[in-house]
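A quick write-up on the structure given underneath.
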Amino acid sequence: MNSAHSMPRRTLLTASALLGLTAARAYGGDAQAARLYAEPPLRDIGKRVGIPYGLCETTSQFPANRGYYEQIAKECNIYVPSNEFNWKSIERTKGVRAYGKLDTIAQFMKERDVRLVGHTLLWYYAVPQWLTQMEAPSDITAAMEAYIHDVVSRFRGTVVRWDVINEQAGAGGEGNALRRTFYLDKLGPGYMKQAFAAARAADPNVLLCYNDFGFEYDKPDNKAKRAALLALLRQFRDDKVEVDCIGFQSHLDAGLQLDRDGLVKFAREVKQLGYKIAITELDVIDENLPADEQSRDHAVANHVKEYLACVGSEAKPVTVTSWGFTDGRTWLTMWHRRKDGRAMRPLPFDDQYNRKEQWAVIAQYLQSKL
Ligand code: XIL
């Protein structure tokens, strides 16, 4: 374990004073690491500011690798099991819901004052096999409502935010606003209202989100996604669907230029339609950045800084969550590899749990919302 963790925590510098140093490119080296560790963890800042900070990680190594989860609990206010809340993970056999490690890890986190995010109730990618064999819409709806009722009420008071629907918007523009999914094909778009209503009935206080990705850049598919998403949100509003909040997944790519104006406008429109915003799956692809780690970390951090300034300028997000904890365990390697063979560095912590420049950018952003 990193020796920095045994350092007494001194709050000599506020995050904003500390970040003044970044202007001079003061990152890298032990002195900088020591200064970063003099800062309180993001969980303290998040708590003070009222924006819970979250980390995502599978439960797969719990409780064997307990120390790792202790480490997670030290850094965040909310923990997101990456796949374990997915319907196909919980209900492999129809009617038999197995919560596996979710109950014990929820308890472990609660004892450390960390709550959970439920990701995700309905996602086309996580449909149980048995459900796909059902034909009658009424049977599918009944199964969906039973599942939502069971899982949401079970974690009432523990899960603070649910991603009720994940990735239903299309990227085909206004005329093709929805993605073709099992749910849409079998039930039509009304299934979303039913899902949100079932979740609301099971927990009147939890934040209910619609979560989606792919609208950050000046590319045709990203623009189409923004339009599709806004069309969907207008429909939600007209149909009185009980959505509190829109999750911006925020899988960024530091090799691209953010569409700043487009993003600010998009966030503003989401807000004007009456929705809160959550930053739900923040990480940064760095596959096309130079090899040097220090400048790479700097470019990634700058990208996040710009992004948060765009999306977070209009409103205080309800939560900010990184999609992963340490660089070496990122999910992004499923899709991306650097040509030079070096490991990607998409997250706020390196493999020794050291805070990186991205960490400081998130800290500064949270502080700015006080
Ligand atoms: C990823 C998980 O992190 C991986 O472990 C899994 O194998 C694939 O899915 N958008 C989402 C997340 O909403 O559920 C995805 O998570 C990443 C993209």
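The values are calculated or read from the model by the stated rules, or taken from the named source; none is laboratory data. Everything numeric here is computed off the predicted structure, so don't read it as measured data. Glycine gets a Cβ as well: all are built from the backbone with ideal geometry, and neighbour counts include every protein chain shown.
So the values come out like this:
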{"quantity": "Members of segment 328-367 found to be in contact with a strand residue (DSSP E or B) (Cβ under 9 Å, 6 or more places away or on another chain) and aliphatic (A, V, I, L, M), listed by number", "calculated": "Leu332, Met344, Leu347, Ile362, Ala363, Leu366"}
{"quantity": "Residues located in segment 272-295, provided they are buried (at least 22 other Cβ atoms within 10 Å of the Cβ), of a type in the set (D, E, K, R) and under 16 Å from the mean Cα position of the chain (by Cα)", "calculated": "Glu281, Asp283"}
{"quantity": "Residue match in segment 313-323 (condition: closer than 17 Å to Asp253 by Cα and surrounded by fewer than 16 Cβ atoms within 10 Å (Cβ to Cβ))", "calculated": "no"}
{"quantity": "Residue match in segment 131-138 (condition: under 23 Å from the mean Cα position of the chain (by Cα) and among the charged types (D, E, K, R))", "calculated": "no"}
{"quantity": "So Lys88, is it among the charged types (D, E, K, R), away from the ligand (no atom under 16 Å from the Cβ) and in contact with a helix residue (DSSP H, G or I) (Cβ under 7 Å, 6 or more places away or on another chain)", "calculated": "no"}
{"quantity": "Lone qualifier among His251, His298 - being touching a strand residue (DSSP E or B) at 6+ places or on another chain (Cβ under 9 Å), crowded, with 18+ Cβ neighbours inside 10 Å and not polar (S, T, N, Q)", "calculated": "His251"}
{"quantity": "Pairs with Cβ under 6 Å, 6+ apart, first in segment 155-171 and under 27 Å from Arg112 (Cβ atoms) and in a strand (DSSP E or B), second away from the ligand (no atom under 13 Å from the Cβ) and of a type in the set (Phe, Trp, Tyr)", "calculated": "Val164/Phe196"}
{"quantity": "Segment 302-342: number of residues that are of a type in the set (A, V, I, L, M, F, W, C) and either closer than 18 Å to Asn288 by Cα or within 12 Å of the ligand (Cβ to nearest atom) (or both)", "calculated": "7"}
{"quantity": "Residue that is farthest from the ligand (Cβ to nearest atom), among those in segment 38-75 that are without any contact (Cβ under 8 Å) to a residue 24 or more places away in the chain and outside any helix (DSSP H, G or I)", "calculated": "Ala64"}
{"quantity": "Any pair with Cβ under 7 angstrom, 6 or more apart, that starts in segment 306-331 at a residue that is within 26 Å of Val270 (Cα to Cα) and ends at one that is surrounded by fewer than 21 Cβ atoms within 10 Å (Cβ to Cβ) and modelled with pLDDT under 95", "calculated": "Lys316/Lys369"}
{"quantity": "Candidates Gly262, Gly255, Gly274, Gly214 - the one that is within 16 Å of the ligand (Cβ to nearest atom) and either farther than 22 Å from Ile362 by Cα or in contact with an Asp or Glu (Cβ under 8 Å, 6 or more places away or on another chain) (or both)", "calculated": "Gly214"}
{"quantity": "Selection status of Trp162, among the aromatic types (Phe, Trp, Tyr), under 16 Å from the mean Cα position of the chain (by Cα) and closer than 30 Å to Asp44 by Cβ", "calculated": "yes"}
{"quantity": "Matching residues, segment 185-202, being within 25 Å of Asp221 (Cβ to Cβ) and either surrounded by 17 or more Cβ atoms within 10 Å (Cβ to Cβ) or in contact with a Ser or Thr (Cβ under 9 Å, 6 or more places away or on another chain) (or both)", "calculated": "Tyr191, Met192"}
{"quantity": "Residue within segment 128-146 that is of a type outside the set (Ser, Thr, Tyr), under 30 Å from Ala231 (Cβ atoms), within 16 Å of the ligand (Cβ to nearest atom) and at pLDDT 95 or above present", "calculated": "yes"}
{"quantity": "Selection within segment 91-123 - among the small types (Gly, Ala, Ser), buried (at least 17 other Cβ atoms within 10 Å of the Cβ) and within 16 Å of the ligand (Cβ to nearest atom)", "calculated": "Gly118"}
